[in-house]
Amino acid sequence: MSLMDYTVTVISTGAALLGLITGSLGTLAVVRKQSLIGDSVSHAALPGIVLAFILTGSKSPLIFTMGAIVVGWIGTLIVQFMVRNSRLKFDTALASMLSVFFGLGLMLISYLQKTPDASQAGLEKFLFGQAATLMRQDLFLMLVMGIVAFFLVILFWNVWKVMIFNPDYAQSIGIPVKLFDALLTFIQVIAIVIGLQIVGVVLMSAMLIAPAVAARHWSDKLGHMMIIAGVIGAVSSFAGATLSTQIAGLPTGPVITISVTLAVVFSVFFASGNGMLWKYISRRSRKRELSMKLLIKSFYELSLEHEEFSHPHDISVITLRLPDKYNLAGCLERGKNDGFIGNNGNKWFLTEKGLEYARKNENGGELYES
């Protein structure tokens, strides 16, 4: 299928728009330590979709979306009520909501299968998504809902930051925390519901959480995280959707999810500052630096015992001053290359550059860091 084909364009654009919205707004769920909310709300939205069809008989995406938002939001408010008024933890309450509402949704779908309209509804597509049914008007609906969600986030940006990171302080300065908590939950429900047609109920949580998890490795600032998560979500979703349209038999929703997950894996390993590779290189560099400081410290202490600081010493003498498993040979070679240490045959001595370095760090206390 050509990349310029109408269907491909709509699917890829819809996936990119979904990744942008859910990636950015999902950051709020991650920093609130409510990562399960995506899974729970998406499952709770299923009975809302079915009820909307039962009550209206309409297959309009707008009707389905409104039903999913209403029931998904109600389910989340029930969870918040349970957490505040019982001994249940947040994750326990979310898991309970997920099971109950999803079971209700499946029960309603089973009921519809016995009615004459069952073959026309196509509600089962919301379980795993059916991106091929995406239309231009669906993109418009996603865009409008995304704009509404982003408008609310920007409008109350300072409130969200205070409420998320210090809710007690927010309450002490008069912010109605419960009201804004419900509004923030509503924003997250919007982000979740708009993607059900593309990736479905089962996979929607990955779209909400994965880009934010990836972005967390690139930045520690909330605003930067939201921007990075949006970019990661949009690019990886666009790539996954485009790939699925070019290879026959590849389902769009799962391919998008895998693409976003690969972005997370890449970020975990290669992100600057927080990636595993970066941390490994930093630890190794720090270890080499400390080893060199320890070696120069040993040479400096030996030089104080002689009239000349450049008095040469045998390796065995130096070894006695170093801890076990110290890579003496490697450090001596690096010290020589850096000009801190010189050698005369098998004996080694501190150079003027090494002496200057030792005295400088001795006064600053850095030479004796452990």
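The values are calculated or read from the model by the stated rules, or taken from the named source; none is laboratory data. Remember, predicted model here, so these are calculated numbers, not experimental data. Note: ideal-geometry Cβ built from the backbone for every residue, glycine included; neighbour counts use all protein chains shown.
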Residues of the stretch 202-225 classified as touching a Leu at 6+ places or on another chain (Cβ under 9 Å) and surrounded by fewer than 24 Cβ atoms within 10 Å (Cβ to Cβ), total
2
For the stretch 1-23, how many residues meet the condition of being out of contact with any Pro (no Cβ under 8 Å at 6 or more places or on another chain) and either in a helix (DSSP H, G or I) or under 16 Å from Leu143 (Cα atoms) (or both)?
15
Considering only the stretch 184-192, I want to know if a residue exists there that is more than 23 Å from Phe126 (Cα to Cα) and out of contact with any strand residue (DSSP E or B) (no Cβ under 6 Å at 6 or more places or on another chain).
yes
Got at least one residue in the stretch 171-184 being assigned to a helix (DSSP H, G or I) and under 22 Å from Leu143 (Cβ atoms)?
yes
Search the stretch 189-200 for residues that are part of a loop (DSSP other than H, G, I, E, B) and pair each with any residue that is among the hydroxyl-bearing types (Ser, Thr, Tyr) when their beta-carbon atoms are under 8 Å apart and the residues are at least 6 apart or on different chains.
Ile194/Thr22; Ile194/Thr65; Gly195/Thr22
Checking Ile69, Ile11, Ile37 in turn, the sole residue that is crowded, with 17+ Cβ neighbours inside 10 Å, assigned by TED's automatic domain parsing to the domain that holds Gln137, modelled with pLDDT of 85 or more and under 12 Å from Gln188 (Cα atoms) turns out to be Ile69
When every residue in the stretch 254-287 that is aromatic (Phe, Trp, Tyr) and either more than 19 Å from Arg216 (Cα to Cα) or without any contact (Cβ under 8 Å) to a residue 12 or more places away in the chain (or both) is compared, the one surrounded by the fewest Cβ atoms within 10 Å (Cβ to Cβ) is Tyr280
Would the stretch 177-185 turn up any residue that is crowded, with 24+ Cβ neighbours inside 10 Å, more than 18 Å from Ala16 (Cβ to Cβ), modelled with pLDDT under 85 and within 19 Å of the chain's Cα centre (by Cα)?
no
Quick check on Thr92: is it more than 28 Å from Leu141 (Cα to Cα) and outside any helix (DSSP H, G or I)?
no
